[in-house]
Structures are given as structure tokens and as C-alpha cells.
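Here the structure comes first, spelled out in C-alpha cells, and everything after it is commentary.
The values are calculated or read from the model by the stated rules, or taken from the named source; none is laboratory data. The structure presented is a predicted model; accordingly, all values stated were derived computationally and were not measured. Every residue, glycine among them, receives a Cβ derived from its backbone with ideal geometry; neighbour counts consider all protein chains shown. To get the accessible areas, we keep the full protein, side chains included, count just its heavy atoms, and leave off ligands, DNA and RNA. Shrake-Rupley method; radii C 1.70, N 1.55, O 1.52, S 1.80 Å.
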Amino acid sequence: MNPEQRQKQITKTSIIGIIANVVLAAFKITVGAIAGSIAIVLDAVNSLTDAVSSIVTILGVKYASRKPDTNHPFGYGRIEYFSAIIIAGIVLSAGVTSLFESIKKVISPEIPDYSLVTVIVVIAAVLVKIVLGRYVKSQGEKYNSDSLIASGQDASFDAILSASTLLGAIVTYLFNISIDGVLGVVIAAFIIKAGIEMLLEPISSVIGARPDSAVTIAMKKSICEIDGVQGAYDLVLHNYGPNAALGSVHVEVDSRISADEIHHLTADIQNKILSEFQVFLTVGIYAVDDSREENAVISRICMAHEGVIGVHGIHIDDDETFVSFDIVLDFSIKDKEELVRTLIKEIKSEIFTNYMIHINCDTNYSG
């Protein structure tokens, strides 16, 4: 789906959310004020914050879809992450405010005046929120929108919170006991918890979270399907928004192929990945000779060490004086230099006594 269609669908979903939440908030505020229920009023405020969240989502996707320019050559896609952070901030603010108001109600309790109409309205609110939450979240997953997913999750939480106000109404109606303030505290705690959880994912994306391993595995597999590619390694993806990424990858090829063949091979890789994943890759080349028995010895020695999770790019110069290769290390490795010295010593003692050995330590960026 192209960016314009994605923007239209996200905007459409957000508008549906705005309308539903404004209508729900109006009913809840009216019913809560009549009944004197802080829990229902706070639930209404939460619905209003959901409407504001939808407005932020619309603005976020609108500005994020702007074309790249001189100042921002990679586009504005990351604005969507900031809009998701703003939504989480709105939810957290509502939760903290609700908590203080509910504590006041616990200290000075009043028995709300619930009626059958109140109960019916709250039941309707629960059902609407369940449907709305599932719809918005599914659309967010479909169009890869953190903001919509956050709004959908918040709506689902609201269904639980509205159900808690329903419980309070039933308890008061049957036993003439007020648990309104306590329910308000519970609602506020849920809102705060939801806000924190909603905040973590977009912040992680802005900081630079590891890409989805399912995507990177599929990408490497697709590269390896191209004739002439013997292996794909060191895949790095730079995220510039939910649907915008650039990256780089190293591929192993037979050391005997020509520069012209390498040129066509890298073009094939770039075109295939761009077509299948909408990611432009810069391609680096490892020239390897799989027929050399020494390759297996190097791999065996390296992989015997804990924390080494891969060996690739083994190259032995024709004059047989220099060996180079890459090792992929787990993040648990604290002293890379010591490990490299140990590996060089072990490799020299077994096969390459008089060789100069260079080991490049790679990080497992993509899983």
C-alpha cells in the first residue's frame, strides 16, 4: 500500500475513534454528573483523552507523510513515533489526575445515586469500547501505525475500566455501599500502567530498537536465493519511520568472479529487496574460497568459544601471508580484545603459524 492510501486509512480510523469517544464521553459525563459518580466522570474524561489521541494520530501521520527535502533527506516518518509518545503522555496525565481525584473521594466518600438508566449506559459503553478497541488496534497492526495500536490498546483498557464502574454501580444499587473512590483509584492505576506501556515502544524505536527478527531473517533468506550469493551477513537496518528504512548487508561470493559480475549481482540484490521489503540496501562483498580446508578449521576454533555466534568472510591471500575474517559476537562479551588475542593465538598454533591474522568483530544488529 502506498503512503497516501495508508494515510487515508489511518485518518479514517482515527475519525471513527474521535466520533465514538466524543459521543461516549458526553453520555458518561451526563450520567456521572446526575449520579454523582466520580468513577463514571473519570471514565468520561478518559474517553475524551482517547478522542484527543486520535486527533494527534491524524496530525502525526499527516506530517510524517511529507516528502523528503534538503533538511530532512530521509523524510519525516519518525514523527509518527513522537505522536505515539504524545498520546502516551496524554494518557499518563489523565491517569495521574484521575488518581488524585479518586483519592479525595476515598477520603471523603459519598454514595452515588445510580439508576437503571445509568447501568444501561455503562453497559453500552463497555460494548462500544470492546468493539472500538479491537477495530482500531487491528487497523494499526494492518497499517503499521504505533499511534493507532496505542489508541486501540487504550480503548480496550477503557472497556475494562467501564466494566469496573458498572461493578460499582451494581454494588451501590444492591447494598447502598459506595466503592466509587476505590474504583476510581483502580481505574487511575490502569490508565497510568497503560500510559507507561504505550510510552515504551515508540521511545524504543526512536532510540534504535533491533528490527523485527522475522523481517531480517526473511530478508537474508531472499538475498541468499539469488544465484551467486553464498551467504548474507551483517544486515543493518536504519529506521526512519514505520514504513521507511535504509540498510546495508555483506554477501559472500566466489573469489573468482569478475567485477562486472559483482556489479550485476549487487544490483540484483538491491532491486529484489527494494521490491519485496521496500528497503534500499548498500551491498558489501566478501570474496571467499569455499574449497579451502582451512576455512572449516577457523570456524571450528572460533565457534568453540562462548559468545561467538557466527564466522564469515574468511579470506586467505594468494601469497598465503594474510588471513582475515569476521566473527559475530553476542552482547554478553565484555572483553572483545582479549577474545581476539586468544583466537589469533589458537589459530596460529594450529594452522597459520607464520600468517598475519586480522579478525573483525561484528555486532549482532539484526538477530
State whether the residues of segment 128-146 include one that is in contact with a Lys or Arg (Cβ under 9 Å, 6 or more places away or on another chain), modelled with pLDDT of 75 or more and assigned to a helix (DSSP H, G or I). yes
Criterion: over 27 Å from Asn360 (Cβ atoms), without any contact (Cβ under 8 Å) to a residue 60 or more places away in the chain and open to solvent by 60 Å² or more (accessible area, probe 1.4 Å) - qualifying residue of Asn243, Asn271: Asn271
Looking at the structure I just gave you, is Ile357 modelled with pLDDT of 90 or more, in contact with a Lys or Arg (Cβ under 8 Å, 6 or more places away or on another chain) and farther than 30 Å from His238 by Cα? yes
Qualifying residues in segment 316-334 (those that are free of Cβ contacts under 8 Å to residues at least 12 places away in the same chain and open to solvent by 80 Å² or more (accessible area, probe 1.4 Å)) - the one farthest from Asn364 (Cα to Cα): Asp319
Working only within segment 206-240, note down all residues that are surrounded by 20 or more Cβ atoms within 10 Å (Cβ to Cβ) and among the small types (Gly, Ala, Ser). Ala232
Provide a single number: the residues in segment 318-358 that are part of a loop (DSSP other than H, G, I, E, B), hydrophobic (A, V, I, L, M, F, W, C) and within 25 Å of Ala287 (Cβ to Cβ). 2
Candidate set from segment 335-354 (those that are surrounded by 17 or more Cβ atoms within 10 Å (Cβ to Cβ) and not β-branched (Val, Ile, Thr)); member that is nearest to the chain's Cα centre (by Cα): Leu339
Selection from segment 298-315 of residues open to solvent by less than 50 Å² (accessible area, probe 1.4 Å) and either more than 19 Å from Gly284 (Cβ to Cβ) or in contact (Cβ under 8 Å) with a residue 60 or more places away in the chain (or both) yields Ile298, Ser299, Ile301, Cys302, His305, Gly307, Val308, Gly310, His312, Gly313
Pairs please, first residue from segment 167-184 and open to solvent by 40 Å² or more (accessible area, probe 1.4 Å), second anywhere and part of a helix (DSSP H, G or I) and at pLDDT 75 or above, Cβ atoms under 7 Å, 6+ apart in sequence or on different chains. Ile177/Val171; Ile179/Val171; Val182/Val106
Count, please, the residues in segment 260-306 that happen to be within 17 Å of Lys345 (Cβ to Cβ) and either among the β-branched types (Val, Ile, Thr) or touching a helix residue (DSSP H, G or I) at 6+ places or on another chain (Cβ under 7 Å) (or both). 5
